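Colleague: Here's a structure for you.
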Amino acid sequence: AQSVTQPDIHITVSEGASLELRCNYSYGATPYLFWYVQSPGQGLQLLLKYFSGDTLVQGIKGFEAEFKRSQSSFNLRKPSVHWSDAAEYFCAVGAYNQGGKLIFGQGTELSVKP
Amino acid sequence: DTGVSQDPRHKITKRGQNVTFRCDPISEHNRLYWYRQTLGQGPEFLTYFQNEAQLEKSRLLSDRFSAERPKGSFSTLEIQRTEQGDSAMYLCASRLGLAGHNEQFFGPGTRLTVL
């Protein structure tokens, strides 16, 4: 069965510091991988996705993620965090030929210190 | 704004009552998804439609839950005889096309509290 693990429930970083949020997935073939961000009272917004090609993908708001097949990982990175990045981040996997439904991890809450 | 909208945004009900939520997807999006999100967890898939056809239902969707998408436009999710365990955020998302990597656009959700 497909699954997504986000090992860090809560992370705190200082503004301006770099960020890496971890995501590991379990799936038998190459999955579609997504990172979404959720701010309080807001819907989920797509940051970036991977489905083929270059394993380093660029997203919105200065985020990037790298797909590593050997490690079954899709970690999200940002070189310099802004206070407005404080939010909940979700990694999700979608499977080929399964209607496009997404399997989400439990999320990582990011706090940003001034 | 032509994003996904959901109504109501908040619903408080007493145990045993029926509730119905509405989702208006982005027009021309043929796929519509419902997810449920409980506190501290990621969204969990409930069901999805392609146009008006309901193509998959999760085991999470008990007999008390029913969803419709008449005419392939808006969708409703009804919960009958609500239980306290139904308290959650119900999210709707829509997507264009059949490609699995197409982005799903999410609505703001309906937060249900069952007393």
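The values are calculated or read from the model by the stated rules, or taken from the named source; none is laboratory data. As the structure is a computational prediction, the values presented were derived from the model and not from experiment. Using ideal geometry, Cβ is built from the backbone for each residue, glycine included, and neighbour counts are taken over all protein chains shown. Ligands, DNA and RNA are excluded from the accessible area calculation, which covers all protein heavy atoms including side chains. Shrake-Rupley method; radii C 1.70, N 1.55, O 1.52, S 1.80 Å.
Colleague: Out of the residues in region A:65-107 that are of a type in the set (Ser, Thr, Tyr), within 26 Å of residue B:48 (Cβ to Cβ) and open to solvent by less than 60 Å² (accessible area, probe 1.4 Å), state the one that is farthest from the chain's Cα centre (by Cα).
Modeller: Looking at residues that are of a type in the set (Ser, Thr, Tyr), within 26 Å of residue B:48 (Cβ to Cβ) and open to solvent by less than 60 Å² (accessible area, probe 1.4 Å), I get A:72.
Colleague: Going through A:41, A:62 one at a time, which residue ends up being open to solvent by 40 Å² or more (accessible area, probe 1.4 Å), in contact with a Pro (Cβ under 9 Å, 6 or more places away or on another chain) and within 11 Å of another protein chain (Cβ to nearest Cβ)?
Modeller: Every option except A:41 fails the conditions.
Colleague: Right, next: Residues to consider are B:21, B:49; find the one that is in contact (Cβ under 8 Å) with a residue 12 or more places away in the chain, outside any loop (DSSP other than H, G, I, E, B), within 13 Å of residue A:101 (Cβ to Cβ) and in contact with a strand residue (DSSP E or B) (Cβ under 8 Å, 6 or more places away or on another chain).
Modeller: Testing whether each residue is in contact (Cβ under 8 Å) with a residue 12 or more places away in the chain, outside any loop (DSSP other than H, G, I, E, B), within 13 Å of residue A:101 (Cβ to Cβ) and in contact with a strand residue (DSSP E or B) (Cβ under 8 Å, 6 or more places away or on another chain) leaves just B:49.
Colleague: Which members of region A:18-33 meet the condition of being touching a residue at least 60 places away in the same chain (Cβ under 8 Å) and loosely packed, with under 13 Cβ neighbours inside 10 Å?
Modeller: Selection gives A:18, A:29.
Colleague: Next question. If residue B:82 satisfies all but one of (1) outside any loop (DSSP other than H, G, I, E, B); (2) open to solvent by less than 40 Å² (accessible area, probe 1.4 Å); (3) polar (S, T, N, Q), what's the number of the condition it fails?
Modeller: Looking at each condition in turn, residue B:82 falls short on (1).
Colleague: So, one more: Suppose we keep only residues that are touching a residue at least 12 places away in the same chain (Cβ under 8 Å) and open to solvent by 50 Å² or more (accessible area, probe 1.4 Å) within region B:99-115. Which one would you say is nearest to residue B:3 (Cα to Cα)?
Modeller: B:105
Colleague: If you don't mind, another one. Please tell me if residue B:95 is more than 24 Å from residue A:9 (Cα to Cα), at the interface with chain A (Cβ under 8 Å from one of its Cβ atoms) and not hydroxyl-bearing (Ser, Thr, Tyr). Break it down stepwise before answering.
Modeller: Values: more than 24 Å from residue A:9 (Cα to Cα): yes; at the interface with chain A (Cβ under 8 Å from one of its Cβ atoms): yes; not hydroxyl-bearing (Ser, Thr, Tyr): yes.
For residue B:95, the condition - more than 24 Å from residue A:9 (Cα to Cα), at the interface with chain A (Cβ under 8 Å from one of its Cβ atoms) and not hydroxyl-bearing (Ser, Thr, Tyr) - is met.
Colleague: State the number of residues belonging to region A:1-23 that are away from chain B (no Cβ under 14 Å) and within 11 Å of residue A:74 (Cβ to Cβ).
Modeller: Total meeting the criteria: 1.
Colleague: Which condition number does residue B:39 fail, the rest of (1) more than 9 Å from chain A (Cβ to nearest Cβ); (2) closer than 30 Å to residue A:48 by Cβ; (3) buried (at least 16 other Cβ atoms within 10 Å of the Cβ); (4) not hydroxyl-bearing (Ser, Thr, Tyr) being met?
Modeller: So the condition that residue B:39 fails would be (3).
Colleague: Being closer than 30 Å to residue A:16 by Cβ, part of a loop (DSSP other than H, G, I, E, B) and within 10 Å of another protein chain (Cβ to nearest Cβ) is the filter here; which residues of region A:72-110 pass it?
Modeller: Once the filter is applied, which keeps residues that are closer than 30 Å to residue A:16 by Cβ, part of a loop (DSSP other than H, G, I, E, B) and within 10 Å of another protein chain (Cβ to nearest Cβ), region A:72-110 yields A:105, A:106, A:107.
Colleague: Does residue B:48 satisfy being open to solvent by less than 20 Å² (accessible area, probe 1.4 Å), of a type outside the set (Asp, Glu) and touching a Gly at 6+ places or on another chain (Cβ under 6 Å)? Quick ask: steps written out before the conclusion?
Modeller: Details: open to solvent by less than 20 Å² (accessible area, probe 1.4 Å): yes; of a type outside the set (Asp, Glu): yes; touching a Gly at 6+ places or on another chain (Cβ under 6 Å): yes.
It is true that residue B:48 is open to solvent by less than 20 Å² (accessible area, probe 1.4 Å), of a type outside the set (Asp, Glu) and touching a Gly at 6+ places or on another chain (Cβ under 6 Å).
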